[in-house]
Amino acid sequence: MKVPMRWLNDLVETGLSPEELANRLTLAGLEAERIERTGDAWDKVYVGEVMSVTPHPDADRLVLADVAAGAHRLTVVTGAPNIAAGQKVALALAGARLIDGYSEELKYKTLKPGTIRGVRSEGKVCSEKELGLSNEHEGILVLDPAAPAGMPLSEWLGDTVIEFEITPNLVHAFSVRGIAREAGAITHESVKALNTVDLAELASERDDLIRIDAPDLCRRYVGVVIDGVKVAPSPDWLAQRLTAAGVRPISNIVDVTNYVMLEVGQPLHAFDLNDVRGGRIIVRRAHEGERMETLDHVERTFNNEALLITDGEGPVGVAGVMGGVNSEISDATTALLLEAANFDMLSVRHTARALKLRTEASTRFERGLDPNLAGEAAARATRLILDLCPGATVRGWQDVYPKPVQPRTLAMPLAKIERVLGMAVAPEIVLDVLARLEFAPELDGAHETLTVQVPTWRPDVTIAEDIVEEVARMVGYDKLPETLITGATPVAERDPVHGFERRARTILVGAGMFEARSYVTEAVETLTLFGSCERVGFAHPIPLERLVKLVNPIQAERDRLRPTLIPALVAAAAENLKHERSLRLFEIAHVYLGTEPDHLPDEPSTLGLLLAGDREPFSRFHPRSGAADQLDYFDAKGVIDELLQRLGVTGTSWAKAMHPALHPGRTAAISIGDASVGVLGELRPALAEHAGIEDARVVVAELDLRALLEHAATTSTQVPVYRYLPVEQDFAIVVDADRPAAEVEAALLAGAGPLVTGAALFDVFTGEQIGAGKKSLAYRLTFTAPDRALTDAELEKVRKKIEKTLAKQVSGSLRA
């Protein structure tokens, strides 16, 4: 927020330089980000008076202006269309550095005398752009007639602006008066009262002007009807202050509403009364699908949670956000209805985010304003409008405020201040500090209990510790004692889940995978695409109604905490496959599973995997030519097998499974005993295409890392080093086509006995050679004996035992 020093000094006289004031306020908790000075570069620029204007003798579009500025009187050649005799203007002499008004970039030029069409021009009358005040360059800057000719322009128009970073909890300081209160408190100066009117003395209060149909969203609404207004440009003082504060002047009426908002922190809005059908205001919730064009000329559609300002026939404004174009102030406006209201902070925030429309008004309402500000702001704005429009009168007003907010009483032990701060603060200092902050402090007779009346504009002060903080920041944080922490350093306890995740990351990166990071929220529509209308999720399927819904999502359409990592990985793959031929992604993160209502969700650590594209992405000799060259189910299974082995997870089994998002013949459930720990499968082609992935298989997997940790080995696995060379033999086993490979491998290892030290499936074959309904699984077994070299005779005995075990357990036979 930008605070011009001239404006601030009108409210409180601190006697401090801008730098010192900014430093003092920063130490008091209001961070001053920067100090800007308007006019420091205006050397050799003065307030000038146009004595006469005559046509140029040799140019139709140029004139000769005789301009006097104290001891300086020059003839200036200019083409400004708005120059006229008697005006006060900004006169730049030779040597002045001005912004080039004809350059789109910021470029400075040093003014030099010159001859234009045969007439010598000794200076220049400046536009706002040339002085750096705005981008306006169509005409010259015309100053207030009261500006004294000959005065340096920096003294008349220059200002110093301090920009503050106002945190959301400090809404009381989100105005010039709010900063003035803080400045007055730290300098022991009082803040001047604003010039307002008493509406009751100007007109009678009406009872038919305002109706609030949603009192839970609108705590107060003040409406003032003013007749006889004349819309015109704002006077210089008003336009200059708004410009210095970063707000573009528009017209006197609109500028007054913006001025009062910046001054006291209460947003206002002015409706053209002739466009308010029925001449009254109704505050209500929007009808689902109701539409209105806002002042930015965008047609908005509202849901039934939005709060609208209506005139009985339709909306004329979005409460706390922006008015409607159908009732905006125009040059033809002669009567207006001034609004000063207090709207629910959460309602305004939801509406602004849903509409993707943030304004100065919504920014203030979202922080929670004091309802008592509305009456004062309406009286202040009415005073300014009556001053700027001498013929205007107040015809009527109404203040609907059913439950007025009163100051809150807080009591606390005085000793708590020393206990919290670690230093003693004298009772008289505590009383002085809190009195300067308008807390009306009182001490009991024994000086044991401190009681304060918290002003209604301080919603951030709710507990005793807040009072202690107020005392600390006014006394000075630099006064707090510096004390080093003493005592023994606690022993660090490593989180086993975190360590398990780190090991998994290292293994997956070593397997050629790349880690992804995704948002924790998803849209319901996206989740149902990867599940069903009843259940969603992969490793942790849950009913749809148990999805955790955010009350205040960053993106309105993504309002559910994710129960799975797969949709986000698929979305990332769709973007990356536009410029990559192969993709291997994984993500280790928490998912969120709803439990009981009003209970925190379960957040298991979960691993998501995705493989898609070419198996050999860098080989020019193997272009993408079909599914045979692409990453598939077995590539992903190999990664998972390697991961489980290195993590020391044993006893896993794989079984055919079904999932709505996965290919029915290429999906497996991963289990350890009776516990499911994950799922692996190929995404349905239609779903992959819907996600934007074409001509590529997409294999996904999701594993419950928390469950895997429970079954992982607690000690490092020792890899034996055998003295004798191993022997490898291949076994082609014919079984029924629907026989799971895991059962075949288990039978194979059971028959092989203790001599087998490794097994790998390297081929699957189906065809007429082995008969219909059959498949051939080719395994390579590694045999090793710790104390001898294996002989052919020993291996032949093992082979016969394998053949018998296969026939008995899986009805399999060895191919010749």
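What pairs come up if the first residue lies in region 440-458 and is of a type in the set (Gly, Ala, Ser), the second is open to solvent by less than 60 Å² (accessible area, probe 1.4 Å), and their beta carbons are under 7 Å apart, counting only those six or more places apart or on different chains?
Listed pairs, sorted by first residue: Ala440/Val452.
Looking at region 197-218, can you tell me whether even one residue there is assigned to a helix (DSSP H, G or I) and exposed (fewer than 15 other Cβ atoms within 10 Å of the Cβ)?
Here is the first cut: in region 197-218, the ones assigned to a helix (DSSP H, G or I) are 199-202.
From what is left, the residues that are exposed (fewer than 15 other Cβ atoms within 10 Å of the Cβ) are 200-201.
There is at least one residue in region 197-218 that is assigned to a helix (DSSP H, G or I) and exposed (fewer than 15 other Cβ atoms within 10 Å of the Cβ).
For (1) open to solvent by 30 Å² or more (accessible area, probe 1.4 Å); (2) within 28 Å of the chain's Cα centre (by Cα); (3) charged (D, E, K, R); (4) under 22 Å from Ala354 (Cα atoms), each residue gets a yes or a no:
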| position | (1), (2), (3), (4) |
| --- | --- |
| Gly223 | no, no, no, no |
| Ser251 | no, no, no, no |
| Asn258 | yes, yes, no, no |
| Glu263 | no, yes, yes, no |
| Pro267 | no, yes, no, yes |
| Asn274 | yes, no, no, no |
| His287 | yes, yes, no, yes |
| Arg291 | yes, yes, yes, yes |
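Residue under question is Gln406, and the condition is that it be of a type in the set (S, T, N, Q) and farther than 17 Å from His269 by Cβ; does it hold? Don't jump to the end; show me each part of the working.
Values: of a type in the set (S, T, N, Q): yes; farther than 17 Å from His269 by Cβ: yes.
So Gln406 passes the test.
Please specify each residue of region 769-816 satisfying the condition of being assigned to a helix (DSSP H, G or I) and touching a strand residue (DSSP E or B) at 6+ places or on another chain (Cβ under 8 Å).
Answer for region 769-816, where residues must be assigned to a helix (DSSP H, G or I) and touching a strand residue (DSSP E or B) at 6+ places or on another chain (Cβ under 8 Å): Ile770, Leu795, Val798, Arg799, Ile802, Glu803, Leu806, Ala807, Val810.
Search region 20-33 for residues that are touching a residue at least 40 places away in the same chain (Cβ under 8 Å) and pair each with any residue that is of a type in the set (Val, Ile, Thr) and surrounded by 18 or more Cβ atoms within 10 Å (Cβ to Cβ) when their beta-carbon atoms are under 6 Å apart and the residues are at least 6 apart or on different chains.
Pairs that qualify, where the first residue is touching a residue at least 40 places away in the same chain (Cβ under 8 Å) and the partner is of a type in the set (Val, Ile, Thr) and surrounded by 18 or more Cβ atoms within 10 Å (Cβ to Cβ), are Leu21/Thr14; Ala22/Ile162; Arg24/Ile186; Ala28/Ile186; Ala32/Ile162.
Starting from residues that are touching a helix residue (DSSP H, G or I) at 6+ places or on another chain (Cβ under 8 Å) and open to solvent by 50 Å² or more (accessible area, probe 1.4 Å), keep the ones in region 13-30 and report whichever is nearest to Val191 (Cα to Cα).
The extreme case among them is Gly15.
Collect the residues in region 409-432 that are open to solvent by less than 80 Å² (accessible area, probe 1.4 Å) and in a strand (DSSP E or B), keeping them in residue-number order.
Answer for region 409-432, where residues must be open to solvent by less than 80 Å² (accessible area, probe 1.4 Å) and in a strand (DSSP E or B): Leu410, Ala411, Met412, Pro413.
Given the residues Leu98, Leu106, which is the only one that is of a type in the set (A, V, I, L, M, F, W, C) and open to solvent by 50 Å² or more (accessible area, probe 1.4 Å)?
Working: Leu98 fails: open to solvent by 50 Å² or more (accessible area, probe 1.4 Å).
Just one listed residue meets the conditions, Leu106.
Residues in region 42-60 that are open to solvent by 60 Å² or more (accessible area, probe 1.4 Å) and either in contact with a His (Cβ under 9 Å, 6 or more places away or on another chain) or among the hydrophobic types (A, V, I, L, M, F, W, C) (or both): how many?
Number satisfying all stated conditions: 1.
Is it true that some residue in region 1-12 is within 30 Å of Thr167 (Cα to Cα), open to solvent by 20 Å² or more (accessible area, probe 1.4 Å), in contact (Cβ under 8 Å) with a residue 12 or more places away in the chain and part of a strand (DSSP E or B)? Don't jump to the end; show me each part of the working.
Of the residues in region 1-12, the ones within 30 Å of Thr167 (Cα to Cα) are 1-12.
Filter once more, keeping what is open to solvent by 20 Å² or more (accessible area, probe 1.4 Å): 1-2, 6, 9-10.
Adding the requirement that they be in contact (Cβ under 8 Å) with a residue 12 or more places away in the chain leaves 1-2, 6, 10.
Right, trim to part of a strand (DSSP E or B) and you get 2.
Yes, the conditions are met somewhere in region 1-12.
Are any residues in region 198-245 more than 20 Å from Leu369 (Cβ to Cβ) and among the small types (Gly, Ala, Ser), and if so, which ones?
Ala200, Ala203, Ser204, Gly228, Ala232, Ser234, Ala239, Ala244
Please enumerate the residues belonging to region 150-172 that are closer than 23 Å to Ala94 by Cα and open to solvent by 50 Å² or more (accessible area, probe 1.4 Å). First the steps, then the outcome.
Taking region 150-172 and keeping what is closer than 23 Å to Ala94 by Cα, we get 150-158.
Result: Met151, Glu155, Trp156.
Looking at region 74-108, which of its residues are assigned to a strand (DSSP E or B) and either farther than 21 Å from Leu157 by Cα or of a type in the set (A, V, I, L, M) (or both)? Can you show your working first?
Narrowing region 74-108 to residues assigned to a strand (DSSP E or B): 74-78, 88-93, 97-99, 108.
Once the filter is applied, which keeps residues that are assigned to a strand (DSSP E or B) and either farther than 21 Å from Leu157 by Cα or of a type in the set (A, V, I, L, M) (or both), region 74-108 yields Leu74, Thr75, Val76, Val77, Thr78, Val89, Ala90, Leu91, Ala92, Leu93, Leu98, Ile99.
Quick grid of which residues meet (1) under 30 Å from Leu431 (Cα atoms); (2) touching an Asp or Glu at 6+ places or on another chain (Cβ under 7 Å); (3) among the β-branched types (Val, Ile, Thr); (4) surrounded by 15 or more Cβ atoms within 10 Å (Cβ to Cβ):
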{"site": "Met474", "(1), (2), (3), (4)": "yes, no, no, yes"}
{"site": "Leu480", "(1), (2), (3), (4)": "yes, no, no, no"}
{"site": "Thr483", "(1), (2), (3), (4)": "yes, no, yes, no"}
{"site": "Gly487", "(1), (2), (3), (4)": "no, no, no, no"}
{"site": "Ala492", "(1), (2), (3), (4)": "no, no, no, no"}
{"site": "His498", "(1), (2), (3), (4)": "no, no, no, no"}
{"site": "Gly510", "(1), (2), (3), (4)": "no, no, no, no"}
{"site": "Phe514", "(1), (2), (3), (4)": "no, no, no, no"}
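How about region 317-360: which of its residues are buried (at least 23 other Cβ atoms within 10 Å of the Cβ), in contact with a strand residue (DSSP E or B) (Cβ under 7 Å, 6 or more places away or on another chain), under 15 Å from Cys218 (Cβ atoms) and not acidic (Asp, Glu)?
Across region 317-360, the qualifying residues are Gly317, Val318, Ala319, Gly320, Ala340, Ala341, Asn342, Phe343, Thr351.
Which residues, taken from region 291-341, are in a strand (DSSP E or B) and among the β-branched types (Val, Ile, Thr)? So that I can check it myself, show each step before the final result.
As a first pass, look at region 291-341 and keep what is in a strand (DSSP E or B): 291-294, 299-301, 307-310, 315-318, 322-324, 335-341.
Within region 291-341, Thr294, Thr301, Ile309, Thr310, Val316, Val318 meet the criteria.
Are any residues in region 762-780 of a type outside the set (S, T, N, Q) and surrounded by fewer than 17 Cβ atoms within 10 Å (Cβ to Cβ), and if so, which ones? Outline the logic, then answer.
Of all residues in region 762-780, those of a type outside the set (S, T, N, Q) come to 762-765, 767-768, 770-775, 777-780.
Scanning region 762-780 gives Phe762, Asp763, Val764, Phe765, Gly767, Glu768, Gly771, Ala772, Gly773, Ala778, Arg780.
Counting only residues that are open to solvent by 60 Å² or more (accessible area, probe 1.4 Å) and polar (S, T, N, Q), which one in region 109-143 is farthest from Val247 (Cα to Cα)?
Thr115
Would you confirm whether or not region 378-393 contains a residue that is open to solvent by 50 Å² or more (accessible area, probe 1.4 Å), part of a loop (DSSP other than H, G, I, E, B) and within 17 Å of Leu338 (Cβ to Cβ)?
Checked against the condition, which is being open to solvent by 50 Å² or more (accessible area, probe 1.4 Å), part of a loop (DSSP other than H, G, I, E, B) and within 17 Å of Leu338 (Cβ to Cβ), region 378-393 yields at least one hit.
From the list Gly86, Gly79, which one is in contact (Cβ under 8 Å) with a residue 12 or more places away in the chain and on the phi > 0 side of the Ramachandran plot?
Details: Gly79 fails: on the phi > 0 side of the Ramachandran plot.
Of Gly86, Gly79, the one residue that is in contact (Cβ under 8 Å) with a residue 12 or more places away in the chain and on the phi > 0 side of the Ramachandran plot is Gly86.
Take region 659-685 and flag every residue that is open to solvent by 30 Å² or more (accessible area, probe 1.4 Å), in a loop (DSSP other than H, G, I, E, B) and under 17 Å from Val570 (Cα atoms).
Across region 659-685, the qualifying residues are Pro660, Arg684.
Could you tell me how many of the residues in region 116-144 are among the polar types (S, T, N, Q) and not in a loop (DSSP other than H, G, I, E, B)?
From region 116-144, those among the polar types (S, T, N, Q) are 121, 127, 134-135; that's our starting set.
With not in a loop (DSSP other than H, G, I, E, B) added as a condition, the list becomes 121.
The number of residues fulfilling the criteria is 1.
The values are calculated or read from the model by the stated rules, or taken from the named source; none is laboratory data. Treat the numbers as computed from the prediction; the structure is a model and nothing was measured. So basically every Cβ, Gly included, is an ideal-geometry build from the backbone, and we count neighbours across all protein chains shown. Only protein heavy atoms, including side chains, enter the accessible area calculation; ligands, DNA and RNA are left aside. Shrake-Rupley method; radii C 1.70, N 1.55, O 1.52, S 1.80 Å.
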